1. Would you confirm, using the coordinates I've provided, whether Leu89 is within 30 Å of Gly127 (Cα to Cα), touching a strand residue (DSSP E or B) at 6+ places or on another chain (Cβ under 6 Å) and assigned to a strand (DSSP E or B)?
2. Just to check your reading of the model, which residue among Ser16, Ser80 is surrounded by fewer than 12 Cβ atoms within 10 Å (Cβ to Cβ), free of Cβ contacts under 8 Å to residues at least 40 places away in the same chain and either polar (S, T, N, Q) or more than 30 Å from Val106 (Cβ to Cβ) (or both)?
3. So which residues in region 25-39 are more than 11 Å from the chain's Cα centre (by Cα), surrounded by 12 or more Cβ atoms within 10 Å (Cβ to Cβ) and within 22 Å of Phe114 (Cβ to Cβ)?
4. Restricting attention to region 2-24, and to residues there that are β-branched (Val, Ile, Thr) and assigned to a strand (DSSP E or B), which single residue is farthest from Asp118 (Cα to Cα)?
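The values are calculated or read from the model by the stated rules, or taken from the named source; none is laboratory data. Every value quoted in this text rests on a predicted model; they were computed, and no experiment measured them. Don't worry about glycine lacking a Cβ; one is built from the backbone with ideal geometry, like all the others, and counts go over all protein chains shown.
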Amino acid sequence: MNPEINAILVGVKDLSRSKKFYGEGLGCPMEQDYPNFVSFKLGAGSSNLGLYTWDALAADAGVPADGSGFRGVTFNYIVSNKERVDEVLAQAERAGAKVVKPASKVQWGYFGYFSDPDGHLWKVASGQ
């Protein structure tokens with residue numbers, strides 16, 4: 001078996017809020033729009049990002065919907081330079097994200113983190 005990730009699905013508490021965050025705030029083009037599910041096209045070569053209502057996605061997986069805290073997963077967005085890291089973090093914050101770790105220089109480059117309206121973590125990084 002050689003698995004491929006064709007779509008990443010995340011559970012959200014308020015589908016309308018998250019749809020606005022990813023579509024209008026971050027500028028992701030919408031691909032599908034249904035009552036309990038929307039999907040967005042991400043950049044070339046990326047998997048699609050799907051948003052399910054939290055309870056519906058938990059039911060789909062057959063698990064309780066009451067999970068909380070760090071989920072052991074982050075999304076990573078690698079950009080070309082330090083300036084772009086700052087631009088993306090600022091755009092996400094204007095769209096309603098919380099910058100949870102401001103960007104800073106590290107040995108291998110520059111990065112920071114934001115969380116979307118449901119607390120899903122995004123790392124924005126550059127090797128420069």
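1. no
2. Numbers: Ser80 fails: free of Cβ contacts under 8 Å to residues at least 40 places away in the same chain.
From the options Ser16, Ser80, the qualifying one is Ser16.
3. Step one: of region 25-39, the residues more than 11 Å from the chain's Cα centre (by Cα) are 25, 27, 29-39.
Going one step further and asking which of them are surrounded by 12 or more Cβ atoms within 10 Å (Cβ to Cβ), we end up with 25, 30-31, 33, 36-39.
If the condition is that a residue be more than 11 Å from the chain's Cα centre (by Cα), surrounded by 12 or more Cβ atoms within 10 Å (Cβ to Cβ) and within 22 Å of Phe114 (Cβ to Cβ), then Gly25, Met30, Val38, Ser39 are the ones that fit.
4. As a first pass, look at region 2-24 and keep what is β-branched (Val, Ile, Thr): 5, 8, 10, 12.
Narrowing further to those that are assigned to a strand (DSSP E or B): 8, 10, 12.
On the way: Ile8: 15, Val10: 9, Val12: 6 Å.
This residue is Ile8.
A quick yes/no check of all residues on (1) loosely packed, with under 12 Cβ neighbours inside 10 Å; (2) under 30 Å from Ala56 (Cα atoms); (3) not assigned by TED's automatic domain parsing to the domain that holds Glu24:
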site: Ala92; (1), (2), (3): no, yes, yes
site: Ala95; (1), (2), (3): no, yes, yes
site: Val99; (1), (2), (3): no, yes, yes
site: Ser104; (1), (2), (3): yes, no, yes
site: Tyr110; (1), (2), (3): no, no, yes
site: His120; (1), (2), (3): no, yes, yes
